[in-house]
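Novice: Mind looking over this structure? Questions follow.
Nothing in this text is a laboratory measurement; each read-out follows from the coordinates by a stated rule. All of these numbers come straight from a predicted model, not from anything done at the bench. Please note: Cβ atoms are built from the backbone with ideal geometry, for glycine as well, and neighbour counts cover all protein chains shown.
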Amino acid sequence: MKTPFIALDQLDKRYADHHAVKSVDLDIEAGEFIALMGPSGCGKSTTLRLIAGLDEPTGGEIRIGGDSMRGVPAFQRNTPMVWQSLALFPFLTVAENVAFPLRMQKVGTAERRRRALEWLDRLGLAGMAERNVAQLSGGQRQRVAIARALVTEPSVLLLDEPLSALDAHLRVRMQTELSRLHRELGITFVYVTHAQSEAFALADRIVIMSEGSIQQVGRPQDVYRAPANAFVAEFMGMNNLVRGEVRGERDGLLDIAGALGEFRVPSATPRPEGSSGDFVIAADRIALAADGEGLAGTVLGLEFVGSTQTVFVEIEGGAEFRVQKQQHEIEALDLVPGRKVRLSWNPQHAWLLPQPAQAH
Amino acid sequence: MNRSLATRLSRLAQYGFLGLLFAFIATPMLVIVVFSFDANRFPTIPWGGFSLEWHRAILDDPMIRDAFLNSIKVGFGTAVLSTALGFAAAYIDFRYRFRLKLPFVLLVAVPPAVPATILGMAMLAFLSRIGLFGRLETVMACHVAIATSFSMAIIRLRLNDLSRDLEPAAWNLGASPAAALVHVVLPFCKPALIASFFLSAAVSFDEFLIAWFVGGVHETLPVRILNLLQGQVNPKINAIGAVVLVVSIALVLIAQRFTGVRAGRRPSPDPGE
């Protein structure tokens, strides 16, 4: 492929008391919508701040558009960011907030006002120009922050958990808005979030981080179906991890034995007997039945997720499984806490975790 | 029934106490103002009728005029310098972390806690040794040393409300650190800066002891009042007192007006604050 628009090369950030980013390598293509994900403290926000130049890396390099950012201060990078706190200027009006970056670029008064109003209009805030930011609703303030970041027409937009302060309804609307802006502008979006739903709805690629290191990079569906390790599998939430050991191979499937029993799992590459046979099975790939073949378990409880429900099942042997089912299936099986069920799945849907590079 | 009566009595007692307290503080000042308009030479009852004689007399007294002018010069200089220094100290405290921060903040904050007599004597001894005794600028410098503590306290309070993200956000949007200071931090601190300006002016305008110790022949208004009192009882005293009172109260009220303003607080999730 062509040279990446943003390249992180062995990027490293150490603070006095912890190692926030560890030798991160990442190439971001021009025009890509990429989401950095992970639990809090995984280094995703620090990575974003390093790209923006708000923090100095302690090692490695960042290149934007092929140019090294070493020694380039934040205010000369043109990498505007939408902050989790929004960071709007409370003593300026809405229009003045949006015009602020242009004022810093010494654009003339009339010109910067015209461009600020244009962006307000584009984000559905026409008529709000003279308001005080404190008079706006959460969603409107969000739009002001986005307009302010885009007014200089940058080639990259950084977003640090921009939607986390909004309620669920507004969040979905803003997702649509961001998606539309990304399509229309064709610029690179780097989006930090801990919410899987946002990353899945928006991103071309997601980057899963943990403890300062990248765990996996890929398209959302691929990461979901084929997690690179147990951390990613568990982070993706709707995967069930089964631990086991390879016992042999029959008809292109591996025999795996673990505490929960014996399973058959496909493998792209052969694995020696006795090696790790941990695999995952997605919650929406599991069939439930009142009796018959499969893992025996007891329903612990149910949780609504939109039109589907997540059924929590305690397996004999101690593990807990999540199974995702439509409402009518739940009713057909009369799944209430305490009900005995059998879990089964097509072996082809199980995903064998790649062997860890080094022993844990 | 009983409880409501008790509540009413308690409230009455509270208001009564508060009223007495204010009366205790305000009456002497009121007496000075009232008698400054008295035609009698000595403050006696009954009142001798309304007269502007003593106010006119202080205007005609060149020493009082000079003292008033000196007070204004010193007060204005103190206000400007201590607000600038107070902002610098508060900003350093807000922006940077360093090892000797606590001693630094204490150093700025401590002068008002030192008894004025001791401070005055110490300054007198020090300044006469380095040959700066008896100049108006010297009085100003000493007042700055005291007023800067108040300026820093007021501005620091305001900076505490400044979201930690705001300055980095300005950098991120193309503002150099200097531009961010001018376009973000200063506008945010504006109410506190104005309040600090007027409060420092008031501190300087009222200060007597240090001005008396280090001023030499340059008298500020409070020093002039004492020197007048040391001669015979002079009816002009009341008139000067009234003027000083009006100026001081005006300065403090203006300062209050701006410290009280809470317009641009951190954006909160609920709109329309």
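Novice: For chain B, count all C-alpha to C-alpha pairs, find those more than 31 Å apart, and express that count as a whole percent of the total. Spell out each step's value before the answer.
Specialist: Working: 16603 of 37128 pairs.
Percent of Cα pairs beyond 31 Å in chain B: 45.
Novice: Show me B:146-157, A:184-195, A:35-46 ranked by packing, highest mean number of other Cβ atoms within 10 Å first. Can you show the working numbers first?
Specialist: Details: B:146-157: 23.5, A:184-195: 19.4, A:35-46: 21.9.
In descending order of packing, they fall as B:146-157, A:35-46, A:184-195.
Novice: I would also like to ask the following. Could you rank the peptides B:162-174, B:14-26 by their average count of other C-beta atoms within 10 Å per residue, with the highest value first?
Specialist: Numbers: B:162-174: 21.7, B:14-26: 9.9.
Order by mean packing, descending: B:162-174, B:14-26.
Novice: Right, here's the next one. Which whole DSSP H helices in chain B pass both tests: a Cα extent of 30 Å or more along the axis and a mean Kyte-Doolittle value no lower than -1.0? Let's see the in-between values first.
Specialist: Values: long enough: B:2-36 (50 Å, 1.16); B:62-95 (49 Å, 0.79); B:136-160 (35 Å, 1.10); B:236-260 (36 Å, 1.71).
Flagged H segments are B:2-36, B:62-95, B:136-160, B:236-260.
Novice: Could you state the angle between the C-alpha long axis of helix A:168-185 and the longest principal axis of the C-alpha atoms of chain A, as a value from 0 to 90 degrees rounded to the nearest 10?
Specialist: With both axes taken from Cα atoms, the answer is about 70 degrees.
Novice: Among the aspartates and glutamates, which have Cα under 14 Å from the Cα of B:LYS236 when same-chain residues fewer than 8 positions away are ignored?
Specialist: B:ASP38, B:GLU53, B:ASP60, B:ASP61
Novice: Would you calculate, for chain A, the mean residue ellipticity at 222 nm contributed by helices, counting each DSSP H stretch of 4 or more residues as -39,500 (n - 2.57) and dividing by all residues, to the nearest 500?
Specialist: On the way: 9 runs with 91 residues, N = 360.
Computed mean residue ellipticity for chain A: -7500 deg cm²/dmol.
Novice: Let me ask something else. Ignoring solvent entirely, what values of log10 I(q)/I(0) come out of the Debye formula for the stretch B:1-109 at 0.21 Å⁻¹ when each Cα is a single scatterer?
Specialist: Reported log10 I(q)/I(0), two decimals: -1.10.
Novice: Continuing with the same structure: Hand me the GluC sites (Glu not before Pro) from the stretch A:280-358 located in a DSSP loop with no more than 16 other Cβ atoms within 10 Å, in residue order please.
Specialist: Values: sites: A:GLU293, A:GLU303, A:GLU314, A:GLU316, A:GLU320, A:GLU329, A:GLU331; in loops: A:GLU293, A:GLU316.
Hits after loop and neighbour filter: A:GLU293, A:GLU316.
Novice: Quick one: angle between helix A:138-150 and the longest Cα principal axis of chain A, in degrees between 0 and 90, rounded to 10, please.
Specialist: The two axes meet at around 70 degrees.
Novice: If you take the C-alpha gyration tensor of the protein assembly as shown, multiply each eigenvalue by 5 and take the square root, what semi-axes do you get, largest first, in whole Å? Don't skip to the answer; put the middle values down first.
Specialist: Numbers: eigenvalues 1021, 175, 116 Å².
After scaling each eigenvalue by five and taking roots: 71, 30, 24 Å.
Novice: Which of the chymotrypsin sites (Phe, Trp or Tyr not before Pro) across the stretch A:34-128 are loop residues per DSSP, with 12 or fewer other Cβ within 10 Å? Write out the running numbers ahead of the final one.
Specialist: Working: sites: A:PHE75, A:TRP83, A:PHE91, A:TRP119; in loops: A:TRP83, A:PHE91.
Sites meeting the loop and neighbour criteria: none at all.
Novice: Okay, next question. Based on the mean of other beta carbon atoms within 10 Å per residue, what is the order of A:129-136, B:187-194, A:95-102, most packed first? Present the calculation step by step, with values, prior to reporting the outcome.
Specialist: Working: A:129-136: 17.1, B:187-194: 20.0, A:95-102: 24.6.
Descending mean neighbour count gives A:95-102, B:187-194, A:129-136.
Novice: Quick check on chain B: helices-only [θ] at 222 nm, where DSSP H runs of length 4 and up contribute -39,500 (n - 2.57) each and the sum goes over total residues. Nearest 500, please. Kindly include the intermediate steps, with their values, before the conclusion.
Specialist: Details: 12 runs with 198 residues, N = 273.
So the calculated ellipticity at 222 nm is -24000 deg cm²/dmol.
Novice: What is the mean number of Cβ atoms from other protein chains located within 10 Å of the Cβ atom of each residue in peptide A:68-74, rounded to a whole number?
Specialist: 2
Novice: If we count every other residue with Cβ under 11 angstrom of A:ARG70's Cβ, Lys/Arg +1 and Asp/Glu -1, where does the sum land? Before the final figure, lay out the partial values.
Specialist: Working: positive: A:ARG63; negative: A:ASP9, A:GLU56, A:GLU61, A:ASP67.
Neighbourhood net charge equals -3.
Novice: Let me confirm one metric for peptide B:159-172, namely the mean number of other chain beta-carbon atoms within 10 Å of its residues' beta-carbons. Before the final figure, lay out the partial values.
Specialist: Details: counts 0, 0, 1, 1, 7, 2, 9, 6, 1, 9, 15, 7, 9, 17.
Counting other chains' Cβ atoms within 10 Å and averaging over B:159-172 gives 6.
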